[in-house]
Amino acid sequence: TKTPVNVTVTGAAGNIGYALLFRIASGAMLGPDQPVRIKMLEITPALKAAEGTAMELNDCAFPLLAGIDISDDPNVAFDGCNFGLLVGAMPRKKGMERADLISANGGIFGPQGKAINDHAADDVRVLVVGNPANTNAVIAAASAPDVPAERFNAMMRLDHNRAISQLAEKTGAKVADIKKMVVWGNHSADQYPDISFCEVEGKAASGLVDEAWLDEYFVPTVAKRGAAIIEARGASSAASAAGAAIDHMHSWALGTPEGDWTTAAVPSRGEYGVPEGLSYGFPVTSDGKEWKIVEGLELSDKTKKQIEFNAKKAQEEIDTVKSLGIM
Ligand code: NAX
């Protein structure tokens, strides 16, 4: 049997945490033969709730669960970390300016990045889920100079999955028969779900749906899905966000299938004109070790324009971070 790996989950007592931890422990994330030790990080007032979740995890008697640690100290929670899921973040409160939100989250993701730098395993891989996820990933990576920046991802997989689900519904195809979806950009209303390269049961998706449906329904429905879930459920996406985090780590650790790709926000090296250093949603493949951005795709003028617009917005957020002295 394999030796257990350490999986750190921040915000472990929150909504996404509650949907995420049980699937990590069940083997859904890293496979049915990989034992895991879960390390939960929470703020001090939420430690008791985290203990309750740990009790339930133990009560599931998961054969792959090798142990649980709970801490309010990032240096402890990231000690030996192989996989980090950074879910806990400061939510936007009424009357809060964007700069206030970024600065509050800088105070969380900066120190967590440093703790990862100083205590995590050499092979650590990090997925940032807490919003603004792309910017928080850049902040965490900047605070971890000894860890290669590409080990810090931000989550675009929920947007990717939402896009697949919408296209499946429209075309009557099974989700498993939809390949090469991509959502360019950052996890915000400015993202661009793009079916240009998509195949549905081996046929080009662009021939199956019309331009008006794409512009007027598909793109806004995917981009604003989070708000629609809140409206319907009275609470924000939790199980679907956790599911996307599981999918992201699964693809990264175990590889993407031949003939397909997925979407992950990874540091740009200037691909498709996206400014270097942004954490940006690209089409990517994984060999089980690292992501590779799919290069050489021929972009339509519309896609180019959307990528450029989104990159400008993402860059503005990073400029705010810099002007606040967070990095
Ligand atoms: P909750 O408010 O239910 O849970 C957040 C948890 O994080 C709380 O238990 C809180 O105590 C903890 N926390 C706060 N600061 C912390 C710190 N410094 N260290 C450790 N833990 C800390 O939110 P939840 O619904 O779980 O959402 C978590 C984050 O995911 C939010 O930022 C949310 O905006 C973001 N989302 C990101 C998505 C994406 O696609 N990237 C989609 C879903 C979700 O909206």
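FYI, it's all coordinate maths here, none of it is from the lab. In this text, all values refer to a predicted model and were calculated from it rather than measured experimentally. Cβ: placed from backbone, ideal geometry, glycine included. Neighbour counts: every protein chain shown.
Worth pointing out:
- Evaluating 6.51 cos²θ - 1.76 cosθ + 1.60 at θ = phi - 60° for every residue in region 58-64, the Karplus couplings come out as 5, 5, 6, 6, 5, x, 8 Hz, glycine and proline recorded as x.
- Amide H contacts of residue 80 (H built 1.01 Å from N, under 5 Å, at least 5 apart or other chain): 120, 121
- Among 283, 324, 254 the positive-end extreme of the charge dipole of region 248-327 (Cβ point charges): 324
- Cut-off 14 Å (backbone N to label point 7 Å along Cα→Cβ of residue 201), residues of region 130-174: 168-174
- Modelled this way, with points 7 Å down the Cα-to-C-beta line, the labels at residue 56 and residue 73 are 2.8 nm from one another.
- Over the chain, DSSP H runs of length four or greater, each weighted -39,500 (n - 2.57), average out per residue to a 222 nm ellipticity of -12500 deg cm²/dmol.
- Region 5-154: C-alpha gyration tensor shape, a/c 1.5 cut-off, then a/b vs b/c: oblate
- Neighbourhood net charge (14 Å Cβ-Cβ; Lys/Arg +1, Asp/Glu -1) for residue 75: -3
- Euclidean distance of C-alpha centroids, region 1-30 and region 47-106, integer Å: 10 Å
- Taking a ≥ b ≥ c as the square roots of the eigenvalues of the Cα gyration tensor, the chain is prolate, since a/c reaches 1.5 or more and a/b is larger than b/c.
- The label-point distance for residue 260 and residue 47, in a model that sets each label 7 Å from Cα toward Cβ, rounds to 4.3 nm.
- Dipole magnitude of the chain, debye to nearest 20 (Cβ charges: Lys/Arg +1, Asp/Glu -1, about Cα centre): 460 debye
- Residue among 96, 29, 181 with the largest mean-square fluctuation in a Gaussian network model of the chain, springs linking Cα atoms under 10 Å: 96
- Within-15-Å neighbourhood charge of residue 308 [Cβ basis; K, R +1; D, E -1]: -1
- Our coupling estimate for region 49-57, obtained by passing each phi through the Karplus curve with A = 6.51, B = -1.76, C = 1.60 and θ = phi - 60°, is 4, 4, 5, x, 5, 4, 4, 5, 4 Hz, Gly and Pro reported as x.
- Taking amide hydrogens as placed 1.01 Å from N in the peptide plane, the amide H of residue 64 sits under 5 Å from that of no residue at least 5 positions away in sequence or on another chain.
- Distance violations [Cα-Cα > 23 Å] among 174/313; 180/289; 93/313: 174/313
- Spin-label model, residue 33/residue 1: points 7 Å from Cα along the beta carbon direction are separated by 1.4 nm.
- Taking θ as phi - 60° and the Karplus parameters 6.51, -1.76 and 1.60, the scalar couplings of region 138-153 work out to 5, 5, 4, 5, 5, 8, 10, x, 8, 9, x, 4, 6, 7, 9, 10 Hz in sequence order, x denoting glycine and proline.
- Going from the fewest other Cβ atoms within 10 Å to the most, the residues 303, 1, 10 appear in the order 1, 303, 10.
- Estimated FRET transfer efficiency (residue 174, residue 319; beta-carbon r; R0 45 Å; 0.05): 0.55
- Taking 0.36 nm per residue of separation and subtracting the Cα-Cα distance, full extension of the segment from residue 236 to residue 210 would add 6.3 nm.
- Distant-in-sequence amide H partners of residue 9 (H built 1.01 Å from N, under 5 Å): 39, 40, 41, 85
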